[in-house]
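Beneath this line is the structure, given in structure tokens, with notes to follow.
Computed from the coordinates by the stated procedures, all read-outs in this text should not be read as laboratory data. Because the structure is a prediction, the values reported are computed rather than measured. Cβ coordinates were reconstructed from backbone atoms using ideal geometry, including for glycine residues, and neighbour counts include every protein chain displayed.
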Ligand code: SF4
């Protein structure tokens, strides 16, 4: 399935693009998406935003405009056509 | 002991009197917005026309302004607003607060009106009123240069503090702001520029050599402690991100949340907004990063558009709000056209937010066939033409110059006004960031996001995380509680003074730090709770001004936001539940009845002198 991805602010600088499209297997989670992005970009994203498999406090991720904190965290399941936004490091997260 | 020196300048008699406020008053209201609102409530006669000589302008720094490197060079303007017809306050950064205090005064009160245009110069305690006929009609940038040149300064805005109006203020345009040095800073909201225009006051120049730390008990310790706080402030991730991208960091974030108003708040998401983002503009148009005096964050971005149909001369200061107001909110998604409109608005001396609201209302009225005007969403040429007509009050511009609220009434469709208390809303849809359902519509000055900035907790998690879409009783109660806390803290930022951007991280500057700094500087003995009580007192004084005027007392949700957002990530959400249920809790927590403070509240806050208003 197709996932529409955006990297904002410092993550845009890191990834070199604001918009991205990734093909991931059905039933993938946000964590699976991060792994797929890592494969494409040599592990750059998770080195920046993860710490021991956890999302660092100052980062957050939106799935269709909702912070994953209010969904199922990195285990949030994605569906075809979802938009996932990687927010810049700000405040106490989202 | 703290001492706050004010020059009261009557432009009719040209008489200048000095007033000194001491601990007894300062410990209750501080300076800036607090002292300004207190004096405004006491002094501005009920029912006067805000554009008559009996209105007053309070241009106040605060007792800690420009003393510590903690984004403290902020100045607040308080007056009776020609736009809303009641009290307003408007805050600007730059270097004006710094040079004002250096000039020997912490605040200026301007009253009366001059016969012919004048400007004021304050240099090391001397106040002079000079003719300004030759400057009338000049744009804001050229006016500042002229003030500097005529008074022996190099033509660089950092050389002295300047506050000026452009053609919009001169022509009593009710959405005119006051431009401040350095550079393109604005006390924008509430039409404060028109009040200056009504007094025939083109500008104010301030400069001096006063030692701002003279009254501080232990100078070395104050500097050491405030430096420590500055280091902590700069360790916060939002402060760092603001430094890199400026406020327009927000476009992509707010759009992703579905809270980015498009075409006069028709919806909360625009697919086509990529080129308005801070990321895109930084890469293509930003030429330098800039800071207000005494600010370690340095969030300001200057842009240039050097070629093409929208090129302009020199640099412009650009922000998230301006980019939205003169971009997405008028259906314009061309960054160069947008930046040029921002430059034009700054030069003509507008409040960019209200200008965007007014243009958007005009376009909507035109599209509904209620206003005969050949303009469509995103029509850059027609919009620029309207901006100039509005500044000059020529033909239809005369109606736009009255602002979005009056425009919508005149053309028979009040529903196109998207604001509160007569002032249009800024760049967040309260249906998708529900804290705004309470904070926008309880804001004293109306149409306001800065009396309690809900993304602080809904996006940044400070002081605690709140889900922006949650409407359970627990979430509603939490929102009401945090909005009230933020309203008190923001009243402090505008009165201390320091920048609200220093409150966006857990590492920022809060009531505890303020109590510490005041105790250190002036040998006060105040607690963090005392500081918040000052904020509460200020907020109540402002509300009492509405009570006195018999205007805008009860808080009301703008009916448009009862409709669900039609598209985007927050599709289907409305602001109705949060407002209708939240306002009851809000009033209860404040001890108010229907938006009005009670005697018990006045007594608790030491405001018994105003009980006659109840
Ligand atoms: S954070 Fe930005 S707006 Fe605030 S004082 Fe600093 S430079 Fe000025």
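Label point of residue B:307 set 7 angstrom out along Cα-Cβ; within the range B:271-288, amide nitrogens under 20 Å from it belong to B:281-288. Tell me whether the range B:144-200 comes out rounded, prolate or oblate; compute the Cα gyration tensor, take square roots of the eigenvalues as a ≥ b ≥ c, and use a/c under 1.5 as the rounded threshold. Because a/c hits 1.5 or more and a/b exceeds b/c, the range B:144-200 counts as prolate. For the range A:4-19, the residues whose amide N sits under 12 Å from a probe point set 7 Å from the Cα of residue A:40 along the beta carbon direction are A:4-7, A:15-19. Peptides B:171-181, B:593-603, B:316-326 ranked from most to least packed by the mean count of surrounding Cβ atoms within 10 Å: B:171-181, B:316-326, B:593-603. Counting neighbouring beta carbons within 10 Å and listing from fewest to most, the residues A:78, B:517, B:589 come out as B:589, A:78, B:517.
Diffusion coefficient of the protein assembly as shown by Stokes-Einstein, Kirkwood radius over Cα pairs, 10 °C, 1.306 mPa s: 62 µm²/s. Per residue of peptide A:57-69, the mean number of Cβ atoms on other chains within 10 Å of the residue Cβ is 5. Which value in deg cm²/dmol, rounded to the nearest 500, describes the helix-derived mean residue ellipticity at 222 nm for chain B, given -39,500 (n - 2.57) per DSSP H run of n ≥ 4 and division by the residue count? About -11500 deg cm²/dmol. If you look at the Cα atoms of the range B:321-407, you get an Rg and a Dmax of 11.3, 31 Å.
Shape descriptor for the range B:564-614: Rg over Rh equals 1.29 (Cα atoms; Rh from the Kirkwood inverse mean 1/r).
Peptide A:76-86 has a mean of 1 when you count, residue by residue, the C-beta atoms of other protein chains within 10 Å of its C-beta.
Each residue in A:41, B:38 was given a count of other beta-carbon atoms within 10 angstrom of its own, and listing them fewest first yields A:41, B:38. Radius of gyration over Kirkwood radius for the range B:175-334, both on Cα atoms: the Rg/Rh ratio is 1.04. In summary, the range B:497-601 shows an alpha-carbon radius of gyration equal to 1.43 times the 2.2 N^0.38 Å reference for compact globular proteins.
Computed from the C-alpha gyration tensor, the three semi-axes of the ellipsoid equivalent to the range B:435-613 are 28, 22, 13 Å, from longest to shortest.
Protection proxy ranking of B:292-298, B:250-256, B:154-160, by the mean of other Cβ atoms within 10 Å over each peptide's residues and highest first, is B:250-256, B:292-298, B:154-160.
For the segment B:234-243, counting C-beta atoms of other chains within 10 Å of every residue's C-beta and taking the mean gives 4.
Computed over the range A:49-94, the P(r) curve from all C-alpha pair distances, binned at 5 Å from the origin, holds 6, 22, 32, 26, 11, 3, 0 percent per bin. Semi-axis lengths, largest first, of the ellipsoid equivalent to the range B:4-207 are 22, 21, 15 Å, with √(5λ) applied to each eigenvalue of the Cα gyration tensor. If R0 equals 41 Å, the separation of the Cβ atoms of residue B:18 and residue B:385 corresponds to a calculated FRET efficiency of about 0.30. Springs between Cα atoms under 10 Å define the GNM used for chain A, and in it the highest mean-square fluctuation of A:52, A:81, A:73 occurs at A:52.
Counting every other Cβ atom within 10 Å of each residue's Cβ, B:340, B:421, A:54 order from fewest to most as A:54, B:340, B:421. Taken over the C-alpha atoms, the range B:258-424 has Rg and Dmax values of 15.8, 50 angstrom. Computed from the Cβ-Cβ distance with R0 of 25 Å, the FRET efficiency linking residue B:219 to residue B:604 stands at 0.10.
The packing ranking of peptides B:521-528, A:20-27, B:353-360, B:400-407, highest mean first, is B:353-360, B:400-407, B:521-528, A:20-27, where packing means the average number of other beta carbon atoms within 10 angstrom of each residue. Diagonalising the gyration tensor over the Cα atoms of chain B and scaling each eigenvalue by 5 before taking the square root yields semi-axes of 32, 29, 25 Å, largest first. Expressed as a fraction of 2.2 N^0.38 Å, the value expected for a compact globular protein of N residues, the C-alpha radius of gyration of the range A:2-87 is 0.96.
Here each label is just a point 7 Å from Cα along the line to Cβ, and for residue B:554 and residue B:394 those points are 4.5 nm apart.
Under the simplified labelling scheme, the residue B:210-residue A:13 pair shows an inter-label distance of 4.0 nm, with each label point 7 Å from Cα along Cα→Cβ.
Pairs of C-alpha atoms in the range B:1-123 farther apart than 26 Å represent 17 percent of all such pairs.
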